Structure formats: C-alpha cells, structure tokens
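These notes concern the structure reproduced below.
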Amino acid sequence: AKHVQETALSSRETASTAKRKAVAVTRPSEVEAARLLLPIVAEEQPIMEAILLNSVVIICGETGSGKTTQVPQFLYEAGFGSLDSENPGMIGVTQPRRVAAVSMAARVAHELNLPSSRVSYQIRYDASVSPSTVIKFMTDGVLLRELATDFLLAKYSVIIIDEAHERSMNTDILIGVLSRVIKLREDMWREGKDGVKPLRLIIMSATLRVSDFAENKMLFKTAPPIISVPARQHPVTVHFSRRTPSDYVTEAVRKASKIHARLPPGGVLIFLTGQNEIAGVCRKLELRYGKKALEERRKARRSAEDIDLGNVQKEQAELAADIDRDGAAAEEDAEALDSDADSDADDELGIDKEETDVPMHIVPLYALLPSEKQMQVFRPPPSGTRLVVVSTNVAETSLTIPDIRYVVDCGRAKERRYDVANGIQAFQVSWISKASAAQRAGRAGRTGPGHCYRLYSSALYEHYFDQFSKPEILRVPIEGVVLQMKSMNIDAVINFPFPTPPDRTSLRKAETILTHLGALKVQSKGSVVLGGSITEIGKAMSLFPLSPRYSRMLVSGRQHGCLPYVIAIVSALSVGDPFLREEALVEGEEESDDDDESLPHLTTEAAKAKETRRLRRRAFFQSQQLHASLGDSISDIFRILSVVGAYEYAGGGHKFCTDHFVRPKAMEEIHKLRAQISNIVQSNFPEMDAGFVANPPPPTNLQLKVLRQLIAAGFIDQVAIRKDLVQRTGLLGEKYTTSKGVPYQALGIAEDVFIHPSSVLANTPPPDYVVFLEVVRTSRVYIKGLTTINVAWLSSLGKPLCSFSKPLKSKDGRSMVIPHFGPAGWELPPIEAKCQ
Ligand code: ADP
Ligand code: MG
C-alpha cells in the first residue's frame, strides 16, 4: 500500500471516499441555512479531493466566502481531527491576529454544535484547549513556538495557514518550516515508522496573488494545486475625498454622521488604525447618535423654552450646523452617489439634510477588546437601529461582518516597522496598499451594492499607495527572525526556503551580530561560521519581542538588582534620545562664551537678547552637568538613565522638561514603554522581580559597573580603542585634558573615528576603550552614545569573536591589551564571574 507516487498521497479510491462523511455532525438549523449561501460550500468535493491527493493545497477565495469557518469543518467531517480515524491528530488553524483566532474558534464551535473544549483557541496569554480538542485555532506565533519543542507536529493531522496573503513574518516562516515538516512526516510514513501519518498543509489566501508560495521551487518541488472559490461580490462605488485631511479621526466622525443622517439603511464599517482612535470615534458617535443622546434631544426639543443647552446638545447643534453647511451644495443632487470617483465624496451625500431619529448601534473592534465584546459585531443590531462598526484592519480580511453597506476608509494602518538607525521595532501608522484599499472597499458589497468613502484624495492614492504591501519579513530586522529560526534549530538559515527571501548579506550580517551577542555558538576556534546553533543565552533572548541587542541586555540584567535600570535604559534607547540638542552651542563654546566686553556697544535690545542667550547657554551646560552627574561621566547612557530617574522623582511634567532641556513627548513615551517591557519580562521570566519602579533609587557604584557591562554585552561588536594605544605611538604618555581631536579605531571601521561633541566623554580625558551605539558621518566620522568599558570585560561578555594582543606596557607603565576581530578560540566564563 506504500507504493505511492511522489506527489500523490493516496490512491484514487481513497479520494473518492471524500464524499462519504466519516464523522456525523448536527448543526443548528439556522447555521445549515446560512452555510448554503457560502460560495465555498459548493466546492467541498473538489477541495477535499485535492487535500486527500496532495500534501499541500492552496485555497483562494474572497473574504467572506467561508474559508475560515468552513474548511476546518470539511476536514472534521472527513475524519481529520478524531484520534481513531485514518487521519489521527488535531486540525490546526493559524491566524495572524488574536481577535480572529478567538472569534473563529467560537463560531466554528457553534456551527458544529461542539463545546469550546473541542473546538478551541490558543493565543499567547489565553487558551481554551483541552485534551479533547479536535480543531485548534491559534495565532501563527503560537504554532511557531510549538515547532521549537515538537518539530514533527505529532499532535496534528493537518495545518491550515490562514490569511497567507497578509504575508506576516510568522506566516511566511511557518510556511517555510512546514514545507520541511511535511517532507519529514511523509518520508517517515513511507518508511513505515510506527503510527506516523503524513501531515497535510492548506494555505488559504483572500487574494489570487499566491505565486510566492505556489511557484517557489525552494518551498515545494511540485507546485501545489490552487483551488479558487468563485467570488460573489456586488458592485461597490468608490468615492475619494477632494483633499486629504490630516485629522482623519474627526473626518471619519463627520462622514459616518452624514451617512447615518442621509443615506438609506445599511451597516457602516469604519477603518481606523488603533484602539485609542476607535474608542474616541465611538464616544463621539455615541454622543451624537446613541440611543440615549437621541432620547435626550427629543426631550429637549419638546421643552422648547429650555435654553440651557448641555454639552451634549451643544455638540449636537454644532454637528447639525456642520451638516447643513456641507450639505448645501449637494442638496439638489440626490442621485450624485454614483458620480465619478474623483469628485468630493461630501458632495455626494445630499439625500436628506434632516437629522435622523434612528439611533446608531455602535460597536468597536480591535485586538485587545475582550472576546465576548468582539462577538458583538456578528449579532444583528437591535431593530430600528443602524449598525456602525469602528475597527482596525482586522475587519479587512480576517472577520466578515454581515450587512455592511457603507465603508469609511482612513487609508492608514498600524504596521510593524524597523528603524534601521537604532534597530528598534515600533508600530507606526502608514498608508495602506492599493490591494488593501480594494479589500476594505469590498466589505461594502457583500449583501448588495455598496459605497466606500475614502478619506484621502485619488492623487494621494495614485502617488503614495503601493500596489501591494511588502511582506513583513522585508520590513523588520532580520536578527530577530534569524534568532527565532535558530530557536527552532534551523541552523542553516541561508538555505531556509523563505517565500520571499531577505537578501543574503543581511542574513549573514544578522548571524554575525547574533554570534557576537552570544546567542549563537562559536565554531572552529572562534571564527564566525555561518549556520551556528543557538546557545542558552540565545534561547532566553528569543523570548523577547525586542531587538536582540536589547534582549541580550535584559537577559543578563537580573544580576545585582539591575533589572529596573536595564528596563529604563532599553526603553529610553528604544524611544530615542530625549535630550534637546544644541550642537552649535556645544561646538561654539570657546569662541563666544566670554566676549562680554562688547556688551556696552550693543543696543539694549540686542544686549538683552545676548544676555538671554548667555544665561540660556549656562543653564544648558548646567543641565548637561546635572545629567552627567550619575556615574561620574562614564556613559552617555547613564546621562539618559539619570534624567529618566530625575523625571520620575519630580513626578514628570512639562516644567521639568523645559528646565532640563529634554523632550516631554520622549519622556512620556519612555515612561509608558518601561511599564510595558516590565510586563513582558515578568510574563517570560516569572522568577524575575517587577522591573518597573516609578522612583528607583540611584544605582550603586557596583550596579553602575554591572550596567556598563550589560551595555557592553548588547553592543559588544561596537567597540572603539584609542588609536595611540593600538599603534603604540609617541602619544601614549602624553596628557590629554579632553577627547577633542583624539582619534579612535573602531572594530570593523577602516577610518578613524572621533568622540562626538555631544558626549559626556567629549570634555573628559579620553578613555581607553568605549562601546558606542551609533556612528554618524558629518565633518568627521563620529561615534555617539558612548560608555567607557574595561577591556577585560570583552572576553567574558557573550563570547565575542575578538582576540587580544599580548599585554603591552605603555610608557606610563600601564599594561594594555588590544582586542581585534579574528579567531580567538578560548572558552569564556559567564558574565557574573567577571563582576569586580
Ligand atoms: P472567509 O474566511 O472566507 O473570509 P469566513 O469563514 O470568515 O469567510 O466567513 C463566512 C461567513 O460566516 C461570513 O458571512 C461571516 O459573516 C460569517 N460569520 C463568521 N463568524 C460569524 C459569527 N461569529 N457569527 C455570525 N456569522 C459569522
Ligand atoms: Mg477568513
């Protein structure tokens, strides 16, 4: 029975039994009726046949065609999932978003009439799985982590990767890994290994753009079959705005108000970027058109004498005036709704300028909303109300909300971005792609013809929207991805079958950095050998959703109570430099500070201005000194740490920021990020104490030393040495008073580098060794964000790939060693051992 062709997993006979249902299910009658309307239900036979004959199948179908809810049910009925069938093991379904994993599990459980212990979900912080789970919805991150402990996915008979068109990084990597897992399971099954059955992989996409998966020879030797579900889409008229307002949140409220007051019944779906915006818009709409607001307004109308308009009524009155103003031009033209797409959508909304008595039923939808609230969107609105859903792009393809007729699209989405300058991952609001805009518009045409109002101009759309969004893997730092793969023991990342491969040099660079950080094993006498495997440190680092440099600092930060400070440092570095820069001031110090003699010649106005400048400059330098006070001028990072501490001690506030020349927004962000990172640390390392202390006492000298070592651990490959030490030139014995003009040699940089004038180390005698956060080129090549280090630490921090010269005697009798990149070959003690 094992004589099977390369691609075909089963014989034709087996396939034809697809018709015969292996497991009987009893669905609620209203579910049966609704299912029949879904396009995918008509395709059950060809889909199941393809799945039985192939290890990999791709299914494409418009959002709402029934992929997510129905395909797991087809599989379940065919006998996948149950342990005693021919295909033992769970049906796993991955989603890029938590919201979708939770709500889809609930929906499928309902449709199959099964409890949540059988059709379950698992997300990072929550799960309903049990030993009797047959269908498991999970985020793609959850399955990735499972692969790290069970590479064969022995518990599963089939994996569905949903929303593959989104190209989330986790999804892409999953597809790459699973292409290998499938092969392994198939080989073992062919060899007749006990109880091993082949694993099936189903990739589902809302678009037909699947060539990166289907035609990728690295992934699948023979192209998997693509089943395309016919779309049932009604026409949607798209209306662009004439201009693109920057305050799209207010604009969204106005647009929704107009649709509600003037257009025929039908749900409204508003796309915004995040929770705060959504909450704000919901509140405003509630004030204007919520049931309560309308009742109060009715009451107010009845008692006409009532002149004391409350805030609510005042706002409503303003809104009414607003609508009148905007509606005036369009009033005559009630049919204008389908005029050309380029005209201002506002002008097309002129059906009825009367206010409405119909209340809005307003429902928010975003990832962090409690799941029972999320389910609200699927319930029909109370009769006599209009459903208004205010959502993130989760409603773009993951969730299909019934009866939406109008879409309001802000054209933006929050996206994970990578800042090349500092290696920080952050969520940033940016323009969506044309493909996403089309998906959003399509939401209005599910039940009948609809309208999509875009809160941006067609010119902007043409010039600034990409055709498709870039796969996430090309936008985020590769070190993090590589570390994650290594944590799954995928060592040869260069050969990894990425659907869209990142370029080879960045892969190589990422491995080198990770090796320097101690996350990967050093092979053959310390030289960088690509394909190294993960270390214990690396495994711990892989738990943090942070740049590996920062995870490296956190992982070692448990020592000597340093964690709160490390968290503060990592937060501050992630947010960016909080200090106001007065470069000109700093650099022009010598020539301009004491020309007070010229004062009498100046007019009083000019003299005053000059005096103000002088005082300001003095205050600036005093504040610089204050910032530098912590740790006695040994690190620019301590300057940041001390200002963060002082800010907390002062209880925050703008005055503090003005007095100390720091940016208020940066300080607030640092404060918030500290709390957030503390949570992550605690959930990953329960044994760690709370990292977030609002008013940490200043670090002790021992702690300051450990902190410098931790900083060095994260930036171990960014070390600079005073050049005269390297060259042993005559300079060595000379006394320097400042670092100005003293050349340094940085590991891996050919040119001389210099200490940046903004550094606390610029005005001290030049340190022998420093680590730096960044290199900038202006008039010279400057290193910034400096911390002085003891060269001996280099050997103990994360097994760096540098070796040392024999100890050299300097002219003043000190003993020196010069580190340089290259084979080293010594095993090194852990960092704890070196704290002096
Ligand atoms: P696809 O995955 O192809 O986008 P889905 O399987 O998510 O499609 O949706 C199929 C249908 O099921 C849609 O009409 C959707 O509105 C409906 N649906 C999904 N979840 C629920 C729910 N919780 N309650 C009611 N209807 C739902
Ligand atoms: Mg879906």
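The values are calculated or read from the model by the stated rules, or taken from the named source; none is laboratory data. Please read these numbers as outputs of a predicted model, since none were measured by experiment. Quick reminder, even Gly has a Cβ in these numbers, built from the backbone with ideal geometry, and neighbours come from all protein chains shown.
All conditions in (1) in a loop (DSSP other than H, G, I, E, B); (2) within 16 Å of ligand 2 (Cβ to nearest atom); (3) under 22 Å from L153 (Cα atoms) hold for V129, with the sole exception of (2). The residues on offer are V196, V177, and the sole one that is more than 16 Å from ligand 2 (Cβ to nearest atom), modelled with pLDDT of 90 or more and more than 12 Å from A164 (Cβ to Cβ) is V177. Taking the criterion of being in contact with a strand residue (DSSP E or B) (Cβ under 7 Å, 6 or more places away or on another chain), within 14 Å of ligand 2 (Cβ to nearest atom) and of a type in the set (G, A, S), the residues of segment 74-107 that qualify are A101, A105. Residue count for segment 75-86 under the criterion of being surrounded by fewer than 22 Cβ atoms within 10 Å (Cβ to Cβ) and either near ligand 1 (Cβ under 8 Å from one of its atoms) or assigned to a helix (DSSP H, G or I) (or both): the result is 1.
Selection of segment 48-73 for residues being within 14 Å of ligand 2 (Cβ to nearest atom), under 19 Å from P224 (Cα atoms) and either surrounded by fewer than 24 Cβ atoms within 10 Å (Cβ to Cβ) or without any contact (Cβ under 8 Å) to a residue 60 or more places away in the chain (or both) yields only C60. Only one of the numbered conditions (1) in a helix (DSSP H, G or I); (2) under 30 Å from the mean Cα position of the chain (by Cα); (3) modelled with pLDDT of 90 or more is not met by K258, and that is (2). Checked against (1) in contact with a Phe, Trp or Tyr (Cβ under 6 Å, 6 or more places away or on another chain); (2) free of Cβ contacts under 8 Å to residues at least 60 places away in the same chain; (3) more than 30 Å from A154 (Cβ to Cβ), V196 passes all but condition (3). Among the residues of segment 401-453, those that are part of a loop (DSSP other than H, G, I, E, B), among the hydrophobic types (A, V, I, L, M, F, W, C) and modelled with pLDDT under 80 comprise V420, A421.
Residue check: is L219 within 16 Å of ligand 2 (Cβ to nearest atom), in contact (Cβ under 8 Å) with a residue 24 or more places away in the chain and part of a loop (DSSP other than H, G, I, E, B)? Give the derivation first.
Values: within 16 Å of ligand 2 (Cβ to nearest atom): no; in contact (Cβ under 8 Å) with a residue 24 or more places away in the chain: yes; part of a loop (DSSP other than H, G, I, E, B): yes.
Considered against the rule, which asks whether it is within 16 Å of ligand 2 (Cβ to nearest atom), in contact (Cβ under 8 Å) with a residue 24 or more places away in the chain and part of a loop (DSSP other than H, G, I, E, B), L219 comes out as no.
Suppose we keep only residues that are within 16 Å of ligand 1 (Cβ to nearest atom) and of a type in the set (D, E, K, R) within segment 349-400. Which one would you say is modelled with the lowest pLDDT? So the residue we want is E372.
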